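Every number here is computed from the coordinates shown, using simple stated rules; none is lab data. Predicted, not measured: the structure shown is a model, and the values here were computed from it. So basically every Cβ, Gly included, is an ideal-geometry build from the backbone, and we count neighbours across all protein chains shown.
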Amino acid sequence: MRNACSANAPRPVSRGGNVQGSPTRSARSIRRRRVHEFWAAATFASDDAFPEPPPFDAAIGRYVLHHQPDPVATIRRVAAAVRQGGIIAFHEPAGHISGLTLPVVDLYVKLERCLSSVFDAMLPHRDIGGRLIACFEEARLPTPHLIWESIAGGHDSPLWRLLAMTYQSLLPQIALASAAADG
């Protein structure tokens with residue numbers, strides 16, 4: 001059975017199916033078992049040498065390419081690990097584009113400048129989000145379908161907390177950069 005509403009059947013859902021219905025204790029138990037089965041069947045690899053034929057149906061990278069010395073080579077390696085017709089997806093920031101607040105908030109402008117200077121020093125390809133099409137073309141892959149998103153929010157947006165936590169986590173790098181500039 002591909003989809004099931006009953007939580008009482010011994011094995012109500014096949015791999016790739018869905019449990020539908022309220023989260024009763026039985027449904028939660030089935031959901032936990034399904035998560036365990038999914039991860040037990042998942043394959044993780046960090047090696048550059050994959051067996052033939054390519055073993056993966058999909059490869060997904062999130063905030064990977066901006067750290068790579070050669071993003072095109074990374075895309076080629078990833079593509080080589082995916083079966084013909086498989087999915088290659090990257091979620092990458094467009095760090096070269098400045099944020100905007102309306103009205104202008106001076107503290108945000110200063111914070112963004114500070115974070116940008118640290119990211120520019122730390123990330124070899126901070127602008128990769130704006131170059132994905134060119135990278136895929138250079139890797140001789142089909143033009144990817146892209147979705148470009150921007151975070152927006154008012155005074156109660158979680159973005160402010162995220163920016164503060166990012167700044168706090170980068171304070172050691174900011175101190176090192178300041179010391180290097182002074183020294």
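Ranking Val82, Thr166, Leu100 by how far each Cα lies toward the positive end of the dipole of segment 73-183 (charges on Cβ) leaves Val82 at the top.
What FRET efficiency comes out for the pair Leu176/His67, r = Cβ-Cβ distance, R0 = 22 Å, nearest 0.05?
Working: r = 18 Å, r/R0 = 0.82.
So the FRET efficiency works out to roughly 0.75.
Label-to-label distance for Ala121 and His91 is 2.9 nm, based on points extended 7 Å past Cα in the beta-carbon direction. Under the convention that each Lys and Arg Cβ holds +1 and each Asp and Glu Cβ holds -1, the size of the dipole of segment 110-168 around its Cα centre is about 140 debye. Computed over segment 43-182, the convex hull of the alpha-carbon atoms projects to a mean area of 10.7 nm². Couplings for segment 125-142, taken from phi via the Karplus curve 6.51 cos²θ - 1.76 cosθ + 1.60 with θ = phi - 60°, read 9, 4, 8, 4, x, x, 10, 4, 4, 4, 5, 5, 5, 5, 7, 6, 10, x Hz in order; Gly and Pro are left as x. In plain terms, the chain from Ala164 to Ala152 could stretch by 2.7 nm, reckoned as 0.36 nm per residue minus the Cα-Cα distance.
For Gly61, nonlocal amide neighbours, meaning residues 5 or more places apart or on other chains whose placed amide H falls under 5 Å from its own, are Ala89, Phe90, His91.
Mind sorting Glu137, Glu149, Glu92, Glu112 by how few other Cβ atoms lie within 10 Å of their own Cβ, fewest first?
Values: Glu137 13, Glu149 7, Glu92 22, Glu112 17.
Placing the least packed residue first, the sequence is Glu149, Glu137, Glu112, Glu92.
For segment 91-180, trypsin sites (Lys or Arg not before Pro) meeting the loop criterion (DSSP other than H, G, I, E, B) and having at most 12 other Cβ atoms within 10 Å: Arg140. Couplings 3J(HN,Hα) for segment 156-171, derived from phi with the Karplus relation 6.51 cos²θ - 1.76 cosθ + 1.60 (θ = phi - 60°), are 9, 5, x, 4, 4, 5, 4, 4, 5, 5, 4, 4, 4, 5, 9, 3 Hz, where x marks Gly and Pro.
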